[in-house]
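The values are calculated or read from the model by the stated rules, or taken from the named source; none is laboratory data. Keep in mind that this is a model prediction, so the values were computed, not measured. So basically every Cβ, Gly included, is an ideal-geometry build from the backbone, and we count neighbours across all protein chains shown. Just the protein is used for accessible areas: all its heavy atoms, side chains included, with ligands, DNA and RNA removed. Shrake-Rupley method; radii C 1.70, N 1.55, O 1.52, S 1.80 Å.
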Amino acid sequence: MSSPVSYERKGNVGVITVNNPPVNALGHAVRQGFANGLKTGLADDGAKALVVIGGGRTFPAGADITEFGKPLQEPGLTEVIDGFENSTKPVIAAVHGTALGGGMEIVLGCHFRVAATTAMCGLPEVKLGIIPGAGGTQRLPRIVGAQTALEMITSGNFIKAPKALKMGIFDELIEGDLEEGAVAFAEKVIAENRPIRKVSELSVEADSDVFENFRKGIARKSRGYLSPFKCIDSVENATKFPFDEGMAKEREIFIECLSSPQSAGQRFMFFAERTASKVNDVPKDTPLRDLKTAGVLGAGTMGGGIAMNFLNAGIPVTIVEMAQEALDKGIGIIRTNYENTAKKGRLTQEQVEERMALLTGTTDMNDLASVDIVIEAVFENMEVKKDVFAKLNGICKEGAILASNTSTLDVNEIASVTDRPQDVIGLHFFSPANVMPLLEIVRGAGTAKDVLATCMKMAKKISKVGVVVGVCEGFVGNRMLHGYLTQSQRMIEEGATPAQVDKVIFDYGLAMGPFTMADLAGNDVGWRIRLGKLSDEERAERSYTGTIADRICDIGRFGQKTSKGWYDYKTGDRTPYPSDEVLSIIEDVRRDKDINARSIEDDEILKRCIYALVNEGAKILEEGIAQRSSDIDVIYIYGYGFPPYRGGPMFYADQVGLKNVYADICKFQETHGDVWEPAPLLKKLAEEGKSFSDL
Ligand code: NAD
């Protein structure tokens, strides 16, 4: 097999080029190729200096992460980089595209560093739950100082070439052809007889305060994560130990992180997110429909946020409301949102105006006649939705995509009032729609493949993570949430408190527990739905037999919006304080239901909440509502604040072992009844000793 790395001499300069598309990942063949390229260059008497450069679109953009967890095939990256740094001939890195991770570490090991003006560099290892493991934490601080290195390494952010030049990462930026420029730079190094500079020989100093303060500074943002703190430890080592010792310690920390369950979860998510964009029976080359203009129906909570997504992507939006007043209000909120972003410095006033100029408000649905896609976000009521879709069917041009943002209703029933079910799809945005990254793309029975493919592409364009789901009540995310919420309610009846349940879930790593979440979303929404579903007789009886959730709403405890819900709130403060009133309602309900309160262990709380998600997830998989278990994980991480370092509920269950999860669920069924009936798929996998990831 020919090597992905080639060697060629240009004048006095040996050029080592890697060609391993698409991103020149640093797999074994590339590492070996670099080592050989260097050897050839050193043996080539005509070469007085060497240039290392990427072919195709980029300098190496990182390790080959499919090799993670497998035994290392020599040479390792550190060895390759040591080879470059210890070269007796000057080595010049020439960067274009993105020099990331191991690619960036090669750059740092070279004696001189030049880049195309459009290049970027960074050490994003932290995002995979690891630290840079080939000298990144030891060399970068020696160039840019400890503070800047900490910022770069713990965030994993990319730095653009002009900034990297100022930081001292690059010596020169090259306009025009990079290879020619790099060779010319190398000729200069030769002509001027510039001495070889080894980054490892530079020194870096910083007070221990710098590191302590940095730890404190990221404590909130990085709560629960291991790797950002390990990155800080390793950079601190660069200031405390000689280079070789720092490198040895970096290696130890790298291996510790790599073998942690957290990194396994984060690496799993990296692939899960990419896999989610594939729809099994929709080929990659499916022709797409044009999507140049959008219409949004309803300028309420969701409609406004949905419109903003399109405006942000430069797509003109026509937004329709029933009355002028509601329209003005909806558009006013969009403007205020943008103005607030501008006040925070994240948009210029000019950008605010550009986005608003793309928005047209109207009260006439006929104005949707020429748009390429309409997203309906009117009241959650089947009759209203049907009425609207029948009208859209008459108004919209042929081939327009007709989407509903319904969160609970049957997309097939909505499609049935049109004579073009192939064009109808569900696009389930999450609130706030302009912020939340998840988009459940609901495939109806008749949805055409090109409509699905177009919506997947659209999701990317409007910066959402799109996941295809099938039609069922609540789709994937909310359907699973139902069991999780039911368990949290039951546990407070049985003896836990809202604060105890919330703390367990928060400590597990979710952004907030179920009761804090309910207070944020508003307890009255579910209460009104439950009231609507009860018969008159049941309604009359309800105040005596009702659940705790109903009773707290009966007395107006709707959540943060009324300053009291499951918790008490002080005006202008979102901190939840336990409420005596709620605790006494809980006791009343226990008395009415003859429940003897018992103390519930945190471990039981965690299992009942998370395994409720897992069991329902298994049913969803079996029914084909989700294409793959990793899609469910993506939904939970991007839509429900599940911690990425757990890899999602299904991946977590795999890590615990499905046999163990199944055994616990069987015990719960014995004690708590058939809500805990194990999903047949879970039973089967557990008995076969398999995982969801084996499917
Ligand atoms: P909302 O009450 O805030 O907004 C609905 C808007 O639609 C109102 O302004 C109303 O005047 C307008 N409207 C009603 N009928 C109309 C018609 N025929 N033509 C034009 N405008 C019309 O409701 P919302 O929270 O934005 O929810 C809208 C949809 O989004 C619902 O289907 C809901 O289930 C779904 N959804 C809501 C959330 C959420 O958290 N709020 C999340 C996901 C999905």
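For the chain, the longest principal axis of the alpha carbon atoms and the long axis of helix 227-240 meet at an angle near 30°. Evaluating 6.51 cos²θ - 1.76 cosθ + 1.60 at θ = phi - 60° for every residue in region 630-646, the Karplus couplings come out as 5, 5, 5, 4, 4, 4, 6, 6, 8, x, 10, x, 6, x, x, 6, 8 Hz, glycine and proline recorded as x.
The ellipsoid equivalent to the alpha-carbon distribution of region 602-694 has semi-axes of 19, 16, 12 angstrom, derived from the gyration tensor eigenvalues as √(5λ) and listed largest first.
Each Lys and Arg Cβ is given +1 and each Asp and Glu Cβ -1; about its Cα centre, region 294-474 then shows a dipole of about 720 debye.
For region 556-577, backbone nitrogen atoms closer than 18 Å to the point 7 Å from residue 584 Cα along Cα-to-C-beta are found at 556-558, 564-569, 577. With angles folded into 0 to 90 degrees, how steeply does helix 477-494 sit against the dominant principal axis of the chain? Use alpha carbons for both and round to 10. Helix 477-494 and the main axis of the chain meet at about 70 degrees.
Just list whichever of 216/240; 160/457; 221/457; 39/160; 221/249 have alpha carbons separated by over 23 Å in the model shown. Don't skip to the answer; put the middle values down first.
Working: 216/240 20 Å; 160/457 27 Å; 221/457 31 Å; 39/160 32 Å; 221/249 26 Å.
Violating the 23 Å Cα-Cα cut-off are 160/457; 221/457; 39/160; 221/249.
In what sequence, highest mean first, do 219-228, 613-622, 59-68 appear when ranked by Cβ atoms within 10 angstrom? Please report the intermediate quantities before stating the final value.
On the way: 219-228: 16.1, 613-622: 24.2, 59-68: 20.7.
Averaged packing, sorted descending, gives the order 613-622, 59-68, 219-228.
Whose amide H sits under 5 Å from the amide H of residue 401, counting only residues 5 or more places off or on another chain, with H placed in the peptide plane? Residues meeting the amide H criterion: 373, 374.
Give the relative contact order (percent, whole number) for region 602-694; include only Cα pairs under 8 Å separated by 6+ residues.
Relative contact order here is 29 percent.
Stick to the Cα atoms of the chain, pair each with every other, and give me the Kirkwood hydrodynamic radius in Å at one decimal.
Details: mean 1/r = 0.0352 Å⁻¹.
Final number for the Kirkwood radius of the chain is 28.4 Å.
The residues of the chain expose on average 44 square angstrom of accessible surface per residue, using a 1.4 Å probe on protein heavy atoms. Size descriptor for region 5-258, Kirkwood hydrodynamic radius: 18.1 Å (Cα pairs only, one decimal).
Expressed to the nearest 5 percent, the antiparallel share of DSSP beta bridges inside the chain is 25 percent. Expressed in units of 2.2 N^0.38 Å, where N is the residue count, the Cα radius of gyration of region 153-283 is 1.45.
Each stretch of four or more DSSP H residues adds -39500 (n - 2.57); spread over every residue of the chain, this sum gives -15500 deg cm²/dmol at 222 nm.
Comparing 446, 472, 429 along the charge dipole axis of region 386-530, the residue lying farthest to the positive side is 446, per the Cβ-charge model. Run the accessible area of the chain with a 1.4 Å probe and give the carbon-and-sulfur part as a rounded percent. Accessible surface attributable to carbon and sulfur in the chain totals 52 percent.
On C-alpha positions alone, give me the angle between the axis of helix 178-191 and the longest principal axis of the chain, in degrees, nearest 10. Computed tilt is about 40 degrees.
In a simple Cβ point-charge model (Lys, Arg +1; Asp, Glu -1; nothing else charged), the chain has a dipole of about 1180 debye relative to its Cα centre.
Could you compute the FRET efficiency for residue 223 and residue 6, with r as their C-beta to C-beta distance and R0 at 41 Å, rounded to 0.05? Working shown, then result.
Details: r = 47 Å, r/R0 = 1.15.
Rounded to the nearest 0.05, the efficiency is 0.30.
Residues whose amide H comes within less than 5 Å of that of residue 170, counting only those at least five positions distant or on another chain, are 165 (H built at 1.01 Å from N in the peptide plane).
For region 267-323, which trypsin sites (Lys or Arg not before Pro) pass both filters: DSSP loop (anything but H, G, I, E, B) and at most 12 other C-beta atoms within 10 Å? List each step's numbers first, then the result.
On the way: sites: 267, 274, 278, 284, 289, 292; in loops: 278, 284, 289, 292.
Taking region 267-323 and a limit of 12 other Cβ atoms within 10 Å, the loop trypsin sites (Lys or Arg not before Pro) found are 284, 292.
Considering only DSSP beta bridges whose two residues both sit in region 294-474, what percent are antiparallel, to the nearest 5?
Values: 4 of 29 bridges.
Of the beta bridges lying entirely in region 294-474, close to 15 percent run antiparallel.
Ordering 101, 115, 152 by Cα displacement along the dipole of region 5-258 toward the positive end leaves 152 in first place; charges were set at the Cβ atoms of Lys, Arg (+1) and Asp, Glu (-1).
Which of the peptides 6-12, 301-307 is most tightly packed, and how do the rest follow, going by the mean number of other Cβ atoms within 10 Å of each residue?
My ranking of the peptides, most packed first, is 301-307, 6-12.
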